[in-house]
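Chemist: Just passing along the structure, written as structure tokens.
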Protein chains: 2
Amino acid sequence: MRHPFLLKAALLILQSALTRKLSAFVSLVDDDLETLARFHQRRRTFMPGHELVHEGEKRQSAFVLAEGWACSFKILPDGERQIVDFQIPGDFLGLRSILFRTSDHSVQAITRIEASEVLSSDLLNAFADAPRLATAVLWAASRDEAMVVERLCSLGRRSAEERMAHFLLELGARLNILGIGDLTDFACPLTQYHLGDALGLTAVHVNRVLRRLREDNLLTMRNGQVTILDLERLKGLAGFDANYLDQDGPLLR
Amino acid sequence: MRHPFLLKAALLILQSALTRKLSAFVSLVDDDLETLARFHQRRRTFMPGHELVHEGEKRQSAFVLAEGWACSFKILPDGERQIVDFQIPGDFLGLRSILFRTSDHSVQAITRIEASEVLSSDLLNAFADAPRLATAVLWAASRDEAMVVERLCSLGRRSAEERMAHFLLELGARLNILGIGDLTDFACPLTQYHLGDALGLTAVHVNRVLRRLREDNLLTMRNGQVTILDLERLKGLAGFDANYLDQDGPLLR
DNA sequence: CGGCCTCTTGAGACAGTTCAACCTATGTGG
DNA sequence: CCACATAGGTTGAACTGTCTCAAGAGGCCG
């Protein structure tokens, strides 16, 4: 560290969504932050629909999403798509694709996005330099897994309306943590096809479900804006408990 | 290391299923193995049905499964159960419950099991002492996530028969990697209720599905023994591609 | 202006559920 | 050692949530 003051200033400016997210779990010290900042070289812009990570291809990069929305998905042999999750700023894109020889999923930009490429070596070097980062990344991956598990419960045991309610509550909570939008009123660029492919429904049925939720005065979704009208009743319908997002302040000091 | 020879001998004997699994991803050196061996103090036995990890409880331990079968699951507000995955020797039980303040899931023994308790501090110390282990554990967690993702695809986009076929093929592959049973003929202690709760079906429908698969000469499942009669046709039906199990020899040297 | 994407609604079909009954194997207390 | 309870498995009949197919409307962009 030749210029500690300048460096620290630079780090504060660079405070990325990822840094904020990981800091919510472990208290990162300057060395950790410096190491983490290396993840943010190689920043790039991608247009909507661009596929950043390709299922079945080897030796791929991961990315850290800085701006915009993306989704990770698998295509089944019959051409059907299952969306696994949507990513918002601070989320990893294709983390498993640098740990696995061959990527088991694809990632696509939904809006115009900005993302920094992270090479396999970046990650492994970071773990050697800053073991606390390893814990933080494992935590972030576990939080992603917790969301997939919750979605699994939705597809396995919840009705279409419960799924939709649960999904939109989760989305609101995630965006709210980031400081993007409100718990009950947020912008959302997803189409009804996206929702269907994520929730294991057809787009046609998504439309009917949204209509019923609207007619029940529970929520509206129009022109890319979700407005939750009756939060408590919606939570009751969905059986929503934000526990699994594990968001209440740093655990590890 | 006072007695390098004795230590190494001890490590070889201690070669646990976990060690073998992680070694399939990173080449672990003696120091790593020694650190890993600490995960295997506090070995305990649990009877069938015993709940080792409790959803909603704080400050819980994780375990490494050494013998037997377990399952991780969530209970929804209406009392329905969604089984997230089954664990076999070498798998972590409740890893997320030491990373999260509050466990987001429960874990229960299916057969009589042997498992070693792993404290939060064990894991964090191990990461500091042996950064390669951090990578290996992240890989193991990612592999678990890949299985959950694949199950998500099943529940979202596959028919009941395709789900069952896919699930049993995955199980055969996992057991085969461990050297327990054959790809096409293995012991399986799961009831039709377990299968239903894992696959998002009722036990009644599981029964009908198994009958149809049997009548099609694809597989039989009787008295805790699964026998796959026509592997290729079953793989075709399920759209099964073992890629996501990422099993082809050490990646990281 | 025409084409494409997204949303909307209706009618009929079907995969999987629900409820209910019965069967077999295993274990347990009297 | 029988009586009974319990857990797992099997099958039928009726029901229903979601899908499929089909058609049309609105908005945006080249």
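Chemist: Take the alpha-carbon positions of region B:158-245, form their convex hull, and give its projected area averaged over all directions (one quarter of the hull surface) in nm².
Modeler: Computing the convex hull of the Cα atoms and averaging its projections yields 5.2 nm².
Chemist: Using a 7 Å offset from the Cα along the Cα-to-Cβ direction at both A:ALA128 and A:ARG233, what is the distance between the two label points in nm, to one decimal?
Modeler: So the label points at A:ALA128 and A:ARG233 sit 5.9 nm apart.
Chemist: Please give me the summed charge of the neighbours of A:PHE63: other residues whose Cβ is under 13 Å from its Cβ, Lys and Arg +1, Asp and Glu -1.
Modeler: The answer is -2.
Chemist: Could you list, in their original order, any pairs among A:LYS235/B:LYS58; B:LYS74/B:LYS235; A:LYS74/B:LYS235; A:LYS21/B:LYS21 whose Cα atoms are separated by more than 25 Å?
Modeler: Working: A:LYS235/B:LYS58 23 Å; B:LYS74/B:LYS235 29 Å; A:LYS74/B:LYS235 17 Å; A:LYS21/B:LYS21 30 Å.
Pairs exceeding 25 Å: B:LYS74/B:LYS235; A:LYS21/B:LYS21.
Chemist: Okay, moving on. For region B:4-142, what log10 I(q)/I(0) values come out of the Debye formula at q = 0.08, 0.12, 0.16 1/Å, with one point per alpha carbon and no solvent?
Modeler: -0.21, -0.47, -0.82
Chemist: Taking the square root of 5 times each eigenvalue of the Cα gyration tensor, what semi-axes in Å does the equivalent ellipsoid of the protein assembly as shown have, largest first?
Modeler: Working from the Cα gyration tensor, I get semi-axes of 33, 32, 21 Å.
Chemist: Counting only C-alpha contacts under 8 Å and six or more residues apart, can you give the relative contact order of chain A as a whole percent?
Modeler: Computed value for chain A: 20 percent relative contact order.
Chemist: Here's another thing I want to ask about it. For B:LEU93, enumerate residues with amide H under 5 Å from its amide H, sequence gap 5+ or separate chain, H modeled in the peptide plane.
Modeler: Amide H to amide H, under 5 Å and 5 or more residues apart or across chains, B:LEU93 pairs with B:PHE63, B:VAL64, B:LEU65.
Chemist: Let me ask something else. If you place +1 on the Cβ of every Lys and Arg and -1 on the Cβ of every Asp and Glu, how big does the dipole about the Cα centre of chain A come out, in debye to the nearest 20?
Modeler: The dipole of chain A has a size of about 280 debye.
Chemist: Pick out, from A:THR227, A:VAL53, A:ALA140, the residue whose Cα sits farthest towards the positive end of the charge dipole of chain A, with +1 on the Cβ of Lys and Arg and -1 on the Cβ of Asp and Glu.
Modeler: With unit charges placed on the Cβ atoms, the residue in question is A:VAL53.
Chemist: Also: Note down the net charge around A:GLU145, summing +1 for each Lys or Arg and -1 for each Asp or Glu among other residues with Cβ under 9 Å from its Cβ.
Modeler: Once positives and negatives cancel, what remains is -1.
Chemist: Am I reading the A/B interface right? What is its buried accessible area, both sides, 1.4 Å probe, to the nearest 100 Å²?
Modeler: 5000
Chemist: Taking region B:39-123, which GluC sites (Glu not before Pro) meet the DSSP loop condition and have no more than 16 other C-beta atoms within 10 Å?
Modeler: Answer in residue order: B:GLU57, B:GLU80.
Chemist: Considering only protein heavy atoms, what per residue accessible area in square angstrom results for chain B with a 1.4 angstrom probe?
Modeler: Each residue of chain B exposes 41 Å² on average to a 1.4 Å probe.
Chemist: Here's a follow-up. Could you order peptides A:210-216, B:128-134 by the average number of other Cβ atoms within 10 Å of their residues, highest first?
Modeler: B:128-134, A:210-216
Chemist: B:ASP31 to B:GLU80: extension gain in nm, 0.36 nm per residue of separation minus the Cα-Cα distance?
Modeler: So the extension gain works out to 13.1 nm.
Chemist: Sticking with this one: Could you give the dipole magnitude of region A:159-245 about its Cα centre, charging the beta-carbon of Lys and Arg +1 and that of Asp and Glu -1, in debye to the nearest 20?
Modeler: Around 240 debye, computed over region A:159-245.
Chemist: Using a 7 Å offset from Cα along the direction of the beta-carbon, what are the separations from B:GLU80 to the same position in each other copy, nm, ascending?
Modeler: Nearest to farthest, the other copies are at 1.7 nm.
Chemist: If I ignore ligands, DNA and RNA and count only protein heavy atoms, how much of B:SER120 is accessible to a 1.4 Å probe, in Å² to the nearest 10?
Modeler: Here the accessible area works out near 50 Å².
Chemist: Same structure, new question: Ignore the peptide's own chain and count Cβ atoms of other chains within 10 Å of each Cβ in A:102-109; give me the average, rounded.
Modeler: 3
Chemist: Leaving out ligands, DNA and RNA, what percent of the accessible area of chain B is carbon and sulfur, probe 1.4 Å?
Modeler: Whole-percent figure for carbon plus sulfur exposure: 50.
Chemist: Taking the alpha-carbon set of region A:84-202, what are its Rg and Dmax in Å?
Modeler: 15.9, 47
Chemist: A further question on this structure: Let me know the mean shielding of A:170-181 by other chains, meaning the per-residue number of their Cβ atoms within 10 Å of its Cβ.
Modeler: That average works out to 0.
Chemist: Same structure, new question: Using only the alpha carbons, work out the radius of gyration and Dmax of region A:67-109 in angstrom.
Modeler: 10.9, 33
Chemist: Copy-to-copy spacing for B:ALA203, label 7 Å out on the Cα-to-C-beta vector, in nm, shortest first?
Modeler: Spacings between copies for this position, smallest first, are 4.1 nm.
Chemist: Which whole-number percent is the relative contact order of region A:150-244 (Cα, under 8 Å, 6+ apart)?
Modeler: RCO, region A:150-244: 31 percent.
Chemist: If r is the Cβ-Cβ distance from B:ARG44 to B:ASN176 and R0 is 25 Å, what FRET efficiency results, to the nearest 0.05?
Modeler: So, using R0 = 25 Å, E works out to roughly 0.35.
Chemist: Let me ask you something else. Determine, from the Cβ-Cβ distance of A:ARG212 and B:THR220 and an R0 of 56 Å, the FRET efficiency 1/(1 + (r/R0)^6), rounded to the nearest 0.05.
Modeler: Calculated transfer efficiency: 0.80.
Chemist: Using a 1.4 angstrom probe on the protein heavy atoms only, line up B:LEU178, B:LEU93 by accessible area, largest first.
Modeler: Largest accessible area first, the list is B:LEU178, B:LEU93.
Chemist: On to the next question. Which residue, chosen from B:ALA165, B:THR35, B:ALA238, occupies the Cα position most advanced towards the positive end of the dipole of chain B, where the dipole is computed from +1 (Lys, Arg) and -1 (Asp, Glu) charges on Cβ about the Cα centre?
Modeler: Among B:ALA165, B:THR35, B:ALA238, the one farthest towards the positive end of the dipole of chain B is B:THR35.
Chemist: I would also like to ask the following. Suppose only helical runs count, i.e. DSSP H with n ≥ 4. What mean residue ellipticity at 222 nm does that imply for the protein assembly as shown under -39500 (n - 2.57) per run, divided by all residues and rounded to the nearest 500 deg cm²/dmol?
Modeler: Result for the protein assembly as shown: -14000 deg cm²/dmol, rounded to the nearest 500.
Chemist: Mind listing the label-point distances from B:SER121 to the same position on all other copies, shortest first, one decimal in nm, points 7 Å along Cα→Cβ?
Modeler: Distances between equivalent label points, in nm: 3.8.
Chemist: Under the definition of partner shielding as Cβ atoms of other protein chains within 10 Å of a residue Cβ, what is the mean value for peptide B:193-201? Display every interim value, and only then the final one.
Modeler: Details: counts 0, 0, 0, 1, 2, 2, 1, 8, 1.
Average per residue, whole number: 2.
The values are calculated or read from the model by the stated rules, or taken from the named source; none is laboratory data. Every value quoted in this text rests on a predicted model; they were computed, and no experiment measured them. No Cβ is skipped: glycine too gets one built from the backbone with ideal geometry, and neighbour counts run over all protein chains shown. What goes into the accessible areas is simple: the full protein's heavy atoms, side chains included, and nothing from ligands, DNA or RNA. Shrake-Rupley method; radii C 1.70, N 1.55, O 1.52, S 1.80 Å.
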